[in-house]
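Asker: Would you mind keeping the following structure in view while I ask a few things?
The values are calculated or read from the model by the stated rules, or taken from the named source; none is laboratory data. Since the structure is predicted, the reported quantities are computational estimates derived from the model, not experimental observations. With ideal geometry, Cβ positions are generated from the backbone for all residues, glycine too; neighbour counts draw on all protein chains shown. Protein only, heavy atoms only, side chains kept; ligands, DNA and RNA dropped before computing areas. Shrake-Rupley method; radii C 1.70, N 1.55, O 1.52, S 1.80 Å.
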Amino acid sequence: MSNAFVSATVCFVCIFLTSSVSAADDCAFTIFNAPNSGLGDDERLPTPPAVQDGTFTAGTTFPDPSLHPYRNFFGLDTIVNGVSRFCTAQVVGATNVLLTAAHCVQDNGNGNWVNRFQLRDLRNSSAQPIVDPKCIMTNKTWTNMPKGFPGRFYWPADYALVFMPSALNEAFLELGAKPPGTVSVQAFGLPTGIGRHDRLVDINGDLEDDADQAG
């Protein structure tokens, strides 16, 4: 995947992840944020401006979110510091743990956490979103970028784990270290820069190290 594609305002999660993550019985850890209950309501958050599917390249596929493993992906709409974030989240490890981008839940500059949270089931667009995460974790370097790293974000730390109060779906990925060298990957997400944030997209590509984004 190219840098331009990865930076298209969406968190794409790749299936090369290995190892495991365990659900927390509670959120009594200093590395977690325990947000106030009910970070959303029945009023849907704003949707991004519509972009026609013509921006997708030939051969792009749109998986059916009612089928396995695609039913493990969710739309995540949040507001952080008054700015709407249109994101993708997926079940990983334990059945109530979601993986998403750190910028979807926390401002890396001032450390402010999400103040509106709506998790949408892609299988049922009319269903009310889930609004009450139990706790959220980001890497400590997300808000404490290493000295001398270029750019606004510390991309190697742009990930977050969201612990929900109950099971969402079965997990089909586990978390772990990145494999060495160049590998083929599949990425899934709900793009806004090249789509409408309402259809799950499957992208095939190669994972390569990037000197400008290395941790």
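Asker: Exactly which trypsin sites (Lys or Arg not before Pro) in region 71-172 are in a DSSP loop and have at most 16 other Cβ atoms within 10 Å?
Answerer: Numbers: sites: Arg71, Arg85, Arg116, Arg120, Arg123, Lys134, Lys140, Lys147, Arg152; in loops: Arg123, Lys134, Lys147, Arg152.
Those satisfying the criteria are Arg123, Lys147, Arg152.
Asker: Also, quick follow-up: From the backbone phi of region 90-99, what are the Karplus-calculated ³J(HN,Hα) couplings (6.51 cos²θ - 1.76 cosθ + 1.60, θ = phi - 60°) in whole Hz, Gly and Pro given as x?
Answerer: 9, 6, 9, x, 6, 6, 10, 10, 10, 10
Asker: A further question follows. Apply the Karplus curve 6.51 cos²θ - 1.76 cosθ + 1.60, θ = phi - 60°, to the phi angles in region 128-137 and return the couplings in whole Hz, x for Gly and Pro.
Answerer: After applying 6.51 cos²θ - 1.76 cosθ + 1.60, I find 5, x, 7, 10, 10, x, 7, 6, 9, 10 Hz.
Asker: Right, another one. Counting only protein chains, not ligands or nucleic acids, how are Ile136, Ile130 ordered by accessible area (probe 1.4 Å), most first? Numbers along the way, then the final one.
Answerer: Working: Ile136 0, Ile130 60 Å².
So the residues, ranked largest to smallest area, are Ile130, Ile136.
Asker: Mind listing the long-range amide H neighbours of Ala160? Cut-off is under 5 Å, sequence gap 5 or more, other chains count too, H placed in the peptide plane at 1.01 Å from N.
Answerer: Residues meeting the criterion, in which the H sits 1.01 Å from N, are Thr100, Ala101, Ala102.
Asker: Now, a different point. How far, in nm, would the chain grow between Asp41 and Cys27 when pulled straight, counting 0.36 nm per residue and subtracting the alpha carbon separation? Write out the running numbers ahead of the final one.
Answerer: Working: separation 14, 0.36 × 14 = 5.04 nm, distance 2.28 nm.
The Asp41-Cys27 span can extend by a further 2.8 nm.
Asker: Count the net charge of all other residues whose Cβ sits under 12 Å from the Cβ of Met145, scoring Lys and Arg as +1 and Asp and Glu as -1. Could the numbers behind the result be given before it?
Answerer: Values: positive: Lys140, Lys147, Arg152; negative: Asp158.
So the surrounding residues net to +2.
Asker: If you don't mind, there's one more thing I want to ask. In bins 10 Å wide, starting from 0, what share of all Cα pairs of region 69-188 does each bin hold, as a percent?
Answerer: Percent of Cα pairs in each bin: 13, 42, 34, 11, 1.
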